[in-house]
Every structure is written in C-alpha cells, then in structure tokens.
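One structure is given here, and the rest of the page talks about it.
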Amino acid sequence: MLDNSHKTYWVAHRGNCEHHIENTLESVASAIENGIKHIEIDVQLTQEGLPVVFHDNNLKVLLGIDKNMAETSYTRLSKTPLQPRKVNPINADYFAPLLSQIVLLIKQHKNITLYVEVKNINFQYFSYQHVYKTIIKTLQPIINQVVIISFSYRILRLVKKNSSTPIAYVLPSWQHYSSKMLKNLQPEIIFTDTTIIPTNETFHTKKEKWVAYEVSNIKKAKKLITQGIFGLESFTPALLANKLF
C-alpha cells in the first residue's frame with residue numbers, strides 16, 4: 001500500500017526507537033501509536049528457518065551471543081532478552097520477535113505500510129528461493145501493505161518476477177544509481193543513505209520515489225524535503241515529526 005500523495009512522510013527505522021529497543025514489537029507498536037504510518041524492519045532466518053526481526057549479522061551486541069542468526073535456534077532467542085544498544089528502554093524485557101508476530105500487529109492497522117528488509121546474510125545459509133518463499137508466505141495476511149527492501153539485486157528480481165509486491169532497492173553507493181539498475185529492477189522506491197546524496201541532486205521529476213536515511217535532525221529533514229525526497233527514515237520519527245509538521 002504505497003502513498004501516492006506528494007506529502008513527505010516519515011519512516012520509522014526499525015520502529016520508533018526513542019524509548020524502545022529497535023526491531024521489537026514495542027518499537028513497532030510505538031510508531032503506530034504515534035501516528036507513523038510507514039515502518040521499516042529487518043528480517044533474518046533462524047537455524048530452523050524461522051523469519052525473525054533482527055538487524056545485525058552477529059548477535060553479540062544485542063543478545064550477547066557470538067553467532068549469526070542462522071546459527072542460532074529460535075528456542076534460544078526466545079529465552080534471551082535483548083540488550084539496549086543506546087537507549088534506556090521503558091521495559092527491560094525485550095525479545096527479538098518472529099516476523100509472524102509483527103504481521104499480527106500490522107494486520108490490525110490497515111493504514112500502515114511495512115517495509116521489510118531482507119538481509120543479505122540470509123543468503124550465506126539459505127537459497128534465495130527458500131528465503132523468498134518463507135518470508136512472502138509469512139507476510140501473506142498483510143501482503144497488500146508490504147514493500148520488500150534489500151541491497152540484493154537477486155532477491156528483488158525474484159520478488160518482481162513472482163509477485164506484484166512493490167520493491168525498494170537500497171543503494172550501496174551513489175554509483176549504483178544507474179540506468180542499468182533502473183531497467184533491471186524497476187524499483188518503485190529507492191532507499192539512500194543521506195551521506196551519499198550529491199548536494200545539488202533533486203528528486204522532484206524522478207519516476208521512482210526516494211526515501212533517505214538516517215535523518216536525525218530537523219535541518220537535514222528540511223533540506224531533503226526541498227530536494228524532493230519522498231520519505232524521511234529515522235529512529236525517532238515521532239519526535240522529529242512533531243517538530244517539523
């Protein structure tokens with residue numbers, strides 16, 4: 001469910017993380033409660049092949065486990081509380097949720113668009129087809145509210161070939177924005193790091209919509225809006241949105 005209006009919107013990067021640990025049910029619920037209608041999460045498969053919402057390749061920082069997600073059972077994850085990366089969370093008992101739990105939450109809010117980033121680390125352990133089928137199957141109850149995101153050409157082309165679900169390509173560098181990429185992927189949306197956007201670049205006339213991350217202050221947000229950026233991704237979107245609009 002893409003917003004076709006010209007109004008700039010905020011994207012909650014891993015949920016609303018001002019007072020909650022990223023990529024949790026609490027951070028996603030907080031974004032919804034604060035009126036943010038676009039939410040981005042990261043997905044990886046566990047040892048059993050269960051899709052879990054988690055960003056880092058290695059679990060050491062957030063879980064104290066020096067393994068990758070695909071080397072770890074969900075049984076262990078479900079019993080290991082997340083450790084805060086930066087914020088002092090309201091609730092000390094945060095856990096990495098299953099993607100299916102996020103789906104149940106989003107299903108209750110038909111006006112939410114969920115951006116699901118398929119992490120590249122998945123493909124070191126599982127085939128592209130397996131990852132695609134597993135994630136898409138889990139997302140079916142809310143598939144009309146989903147955009148699939150990735151740095152990976154291959155997984156995005158698989159989505160494009162086998163479904164009508166919109167895709168968003170994450171630019172590894174500005175040089176990856178090319179006519180060849182646009183022709184091969186035909187992405188509805190492009191995500192870009194704010195640090196790689198050329199100073200004088202404008203986006204008003206581009207066919208695809210653009211989302212810029214990480215937007216952490218109002219000055220940067222206003223500059224991006226004047227350049228024609230469609231979405232502003234932030235860890236604290238509710239806080240910034242209240243100051244900007």
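The values are calculated or read from the model by the stated rules, or taken from the named source; none is laboratory data. Everything quoted here is computed from the prediction, not taken from an experiment. Cβ coordinates were reconstructed from backbone atoms using ideal geometry, including for glycine residues, and neighbour counts include every protein chain displayed.
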Q. Of LYS219, LYS243, LYS161, which residue is over 20 Å from the mean Cα position of the chain (by Cα), at pLDDT 95 or above and loosely packed, with under 14 Cβ neighbours inside 10 Å?
A. LYS161
Q: Residue by residue through region 89-142, note down the ones that are under 17 Å from ILE41 (Cα atoms), surrounded by fewer than 18 Cβ atoms within 10 Å (Cβ to Cβ) and among the small types (Gly, Ala, Ser).
A: SER100
Q | Residues satisfying the stated conditions in region 7-33, i.e. surrounded by fewer than 23 Cβ atoms within 10 Å (Cβ to Cβ) and more than 15 Å from ILE106 (Cβ to Cβ) | A | LYS7, THR8, TYR9, GLU18, HIS19
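Yes or no, residue by residue, for (1) free of Cβ contacts under 8 Å to residues at least 24 places away in the same chain; (2) over 27 Å from GLU26 (Cβ atoms); (3) out of contact with any Asp or Glu (no Cβ under 7 Å at 6 or more places or on another chain):
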{"site": "ARG76", "(1), (2), (3)": "yes, no, yes"}
{"site": "PRO84", "(1), (2), (3)": "no, no, yes"}
{"site": "PHE95", "(1), (2), (3)": "no, no, yes"}
{"site": "ILE102", "(1), (2), (3)": "no, no, yes"}
{"site": "HIS109", "(1), (2), (3)": "no, no, yes"}
{"site": "TYR128", "(1), (2), (3)": "no, yes, yes"}
{"site": "SER150", "(1), (2), (3)": "no, no, no"}
{"site": "ILE167", "(1), (2), (3)": "yes, yes, no"}
{"site": "ASN184", "(1), (2), (3)": "no, yes, yes"}
Q) Since ILE197 meets every condition but one in (1) surrounded by fewer than 15 Cβ atoms within 10 Å (Cβ to Cβ); (2) over 28 Å from LEU59 (Cα atoms), which condition does it not meet? A) (1)
Q) Is region 197-209 home to any residue that is more than 30 Å from ILE21 (Cα to Cα) and touching a Phe, Trp or Tyr at 6+ places or on another chain (Cβ under 6 Å)? A) yes
Q. Which condition does VAL87 not pass, out of (1) in a helix (DSSP H, G or I); (2) modelled with pLDDT under 95; (3) β-branched (Val, Ile, Thr), if it passes all the others?
A. (1)
Q.
Out of ILE106, ILE148, ILE121, ILE155, I need the residue that is over 20 Å from THR192 (Cα atoms) and of a type in the set (A, V, I, L, M). Which one?
A. ILE106
Q) Just one of THR236, THR226, THR202 is within 18 Å of the chain's Cα centre (by Cα) and among the hydroxyl-bearing types (Ser, Thr, Tyr); which is it? A) THR236
Q: Return yes or no: is ALA29 closer than 28 Å to THR165 by Cα, part of a helix (DSSP H, G or I) and out of contact with any Pro (no Cβ under 9 Å at 6 or more places or on another chain)?
A: yes
Q) Which of the following residues is among the hydrophobic types (A, V, I, L, M, F, W, C) and farther than 27 Å from LEU232 by Cα: ILE65, ILE106, ILE148? A) ILE65
(Q) Being in contact (Cβ under 8 Å) with a residue 12 or more places away in the chain and in a helix (DSSP H, G or I) is the filter here; which residues of region 52-71 pass it? (A) VAL61, LEU62, LEU63, MET69, ALA70, GLU71
Q: Run THR134 past the list (1) touching a Pro at 6+ places or on another chain (Cβ under 9 Å); (2) farther than 23 Å from LEU158 by Cα; (3) among the hydroxyl-bearing types (Ser, Thr, Tyr) and report the number of the one that doesn't hold.
A: (2)
Q: Quick one: count up the residues across region 44-86 that are surrounded by fewer than 18 Cβ atoms within 10 Å (Cβ to Cβ) and of a type in the set (Val, Ile, Thr).
A: 4
